[in-house]
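For reference, the structure discussed in these notes is given below.
The values are calculated or read from the model by the stated rules, or taken from the named source; none is laboratory data. None of the values given here were measured: they were computed from a predicted structure. Cβ atoms come from the backbone with ideal geometry, glycine included; neighbour counts cover every protein chain shown. When the accessible area is computed, the model is the full protein with side chains, heavy atoms only, and any ligands, DNA or RNA have been set aside. Shrake-Rupley method; radii C 1.70, N 1.55, O 1.52, S 1.80 Å.
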Amino acid sequence: MDNPFNESDDGFLEAETAANPLRTSSSPLASTSSTGVNAPTELQTGERDERNSVVAARGTAEGLVLRIDGRVSTTDLNASVREFLESRRSFLSGHDVAFEWVGRKPEDEAIQELINLVSSEFSITVRSSRLRTTAPKAAPSTPPSTPPPHQPAPNLSVVGGAARATASRYEAPTSERAVSLFDGMEGFDTRSAGGVSTPWDDPDARVIYGTLRSGQKIETEHAVVIFGDVNSGAEVIAGGDIVILGTLRGIAHAGAYDESGGGRVIFALNLQPTQLRIGLVISRGAGGDRSDSSPRSNGPEIARVDGNSIVVEPYQSRTVWVRRRE
Amino acid sequence: MNTRSNGTGGKKDLGEVIVITSGKGGVGKTTTTASLGAALALRGQRTLVVDADIGLRNLDVILGLENRIVFNLVDVAKKICKPSQAIIKSKKSNNLFLLPASQTDDKDVIDEAEVRYVLDQFRREFHYILVDSPAGIEQGFRNACAGADSAIVVTTPEVSAIRDADRVVGLLSSKGIEARLIINRIDFDMVRRGDMLSVRDVQDILGVEILGVIERDEQIIVAANCGEPVTYNPKSKAGQAFTRIAGRVCGESIPIPDLSGGSLWGRITRKLGVST
């Protein structure tokens with residue numbers, strides 16, 4: 001049986017980086033901790049299942065989506081889903097998900113059985129259920145002024161990461177919106193509610209006024225804007241994007257609750273990080289000349305995922321909103 | 001008497017308690033406590049220096065008073081002796097006193113409340129109380145910060161020391177204690193060569209008011225071994241720096257001299273564009 005996840009336009013990354021930095025959403029949100037040593041908690045799903053071949057999760061603007069191979073038998077289906085959810089119980093319990101069927105959509109009864117299973121055993125409600133279209137997505141029209149060529153900036157190197165042949169562009173989560181999510185399911189329409197997070201507007205973004213000192217940590221499911229520096233030894237962990245209006249010397253982890261990183265970016269006026277993380281991809285900053293007196297500033301820069309590595313570019317506002325609006 | 005207003009609005013004649021800490025070990029906390037204490041005493045301020053490094057006491061050695069210790073900080077805290085029995089007058093000044101630490105206990109033997117009690121016994125007697133904190137951020141550090149009105153963070157211009165200082169500044173501010181910075185052991189030749197962080201670099205990273213800059217000085221080691229703070233050595237640049245720092249602590253506005261000027265010869269050669 002074909003592994004449904006070999007499609008080349010897939011946004012999934014192989015989880016072969018040395019450490020899995022994904023966060024659990026049950027860790028304390030939006031807390032600044034300045035006491036004690038908070039070792040970053042990692043999404044340790046025990047033995048991180050080497051790619052459950054039937055079920056995989058991804059985050060989108062509307063929330064979590066479970067991609068399920070609909071071609072397996074009902075027993076296998078239920079068992080795989082159960083196994084997948086069991087190992088992520090604390091992460092997912094109480095949340096809602098959407099089913100996205102790959103390959104084939106099972107019978108309605110089978111779907112309903114699965115929905116009941118998921119609801120009764122894991123307290124997870126299913127918003128919607130649909131078949132994933134396999135038509136290749138149209139490439140976005142290149143913006144009039146193309147951004148500089150995608151090369152990993154010389155001051156970043158990739159830690160771990162498998163060499164995986166992928167298309168150079170990652171799958172923007174907004175493409176989900178082009179397809180109807182509703183298929184006779186009694187879900188709720190998240191798009192109508194005000195204050196809901198959309199790809200171009202995060203109403204829950206946090207704004208921090210001040211510098212993060214060594215040992216302090218900000219953790220949030222949403223985006224973060226910091227009017228200040230992030231010093232070496234400090235950490236910013238966000239489910240959304242990270243915008244630092246100052247110097248980043250510490251660790252920033254954007255798209256921390258999404259395996260693919262969700263197209264998130266890290267911006268800083270002066271990017272000199274210890275580490276950058278987006279989704280599962282980790283990249284370390286250049287150690288560089290420690291005693292260098294001159295600030296190695298290349299101006300405002302933005303980091304994003306490109307394939308299996310993190311790419312740093314001089315900041316142009318279009319590189320962010322063009323991707324979001326695709 | 002140095003007057004300070006307390007929280008209730010009335011002015012009281014109480015000494016100011018300053019904790020001298022760093023996070024990183026070996027950057028010059030004890031030297032600073034002793035030398036600054038001596039400098040304040042020279043200005044006529046009654047000063048008590050307290051060694052809070054229980055189990056690894058050093059302040060007594062730097063002041064040359066190790067043979068005169070009878071009672072210590074822990075004895076006062078546990079009310080084994082009267083407070084006045086534990087403090088030791090320094091050799092060279094009638095204004096400088098030492099409250100030594102215990103060497104046979106460790107840092108968990110007392111807690112913050114006991115430290116505050118001890119400090120309260122002496123607040124009315126002294127203009128300044130300098131508390132020498134141990135390295136680290138655990139109970140020893142917490143004890144040293146108990147009851148402090150302000151803090152002096154000591155760092156060297158090195159990346160590891162600065163990161164620790166940054167952590168400590170964050171911890172102090174979460175306790176509501178304002179910190180000022182002393183940069184110790186700076187070598188302006190190395191800074192010029194680009195081998196060492198400059199004062200500006202340190203300021204950029206830490207963002208804390210600089211109380212003083214002290215150049216690397218061999219005389220400090222000599223002074224430590226002799227048990228006489230370097231402040232009493234008029235030829236020592238570090239001693240002069242501590243004297244200036246004492247002035248700033250007392251509220252005088254003394255600018256930090258541009259020590260990178262160096263010798264007259266240095267200035268001349270720089271003007272000519274000749275490298276030395």
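What the table shows:
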quantity	calculated
Where the Cα pairs of region B:37-93 fall when distances are cut into 5 Å bins, in %	4, 18, 27, 26, 17, 7, 1
Relative packing of peptides B:32-40, B:15-23 - highest average C-beta neighbours within 10 Å first	B:32-40, B:15-23
Average beta carbon contacts from partner chains per residue of A:232-240, 10 Å cutoff	2
Among B:95-107, A:87-99, the order from most to least packed when residues are scored by Cβ within 10 Å on average	B:95-107, A:87-99
Distance in nm between pseudo-label sites at B:Arg200 and B:Lys79 (7 Å out along the Cβ direction from Cα)	5.8
5 angstrom amide H check on B:Asp149, placed H, neighbours 5+ away	B:Val17, B:Ile18, B:Val19
Protein-protein interface of region B:133-177, residues with accessible area decrease of at least 20 Å², isolated chain reference, 1.4 Å probe	B:Val159, B:Arg163, B:Asp166, B:Arg167, B:Gly170, B:Leu171, B:Ser174
Charged-residue dipole, Cβ positions (Lys, Arg, Asp, Glu), region B:11-271 about Cα centre, Debye nearest 20	820
Entries of B:Lys24/B:Lys235; B:Lys91/B:Lys237; B:Lys24/B:Lys79; B:Lys29/B:Lys78 with Cα pairs more than 24 Å apart	B:Lys24/B:Lys235; B:Lys24/B:Lys79; B:Lys29/B:Lys78
Carbon plus sulfur fraction of accessible area for region B:11-271, probe 1.4 Å, in percent	48
Spherically averaged projected area of chain B from its Cα convex hull (nm²)	14.9
Top of B:Arg142, B:Arg68, B:Arg180 by mean-square fluctuation, Gaussian network on chain B, Cα under 10 Å	B:Arg68
Sites B:Lys175 and A:Arg82, calculated FRET efficiency, Cβ-Cβ separation with R0 56 Å, nearest 0.05	0.70
Estimated inter-spin distance, B:Val222 and B:Glu112, nm [label 7 Å along Cα→Cβ]	4.4
Shielding by partners, peptide A:208-217 (average Cβ within 10 angstrom, other chains)	5
Accessible area expressed per residue, region B:11-271, with surrounding protein chains retained (probe 1.4 Å, Å²)	42
Peptide A:242-251 - average C-beta neighbours from other chains (10 Å radius)	1
Extension gain, B:Asp120 back to B:Ile254 (0.36 nm per residue minus Cα-Cα distance, nm)	45.1 nm
Inter-probe distance in nm under a simple model that places probes 7 Å from Cα toward Cβ, at A:Arg318 and B:Lys235	7.0
Per-residue HN-Hα couplings for region B:60-67 [Karplus 6.51, -1.76, 1.60; θ = phi - 60°; Hz; x = Gly/Pro]	5, 5, 4, 8, x, 10, 5, 7
Where B meets A: accessible area buried, both sides, 1.4 Å probe, Å²	1400
Descending semi-axes in Å of region B:129-188, equivalent ellipsoid built from Cα gyration tensor	20, 12, 11
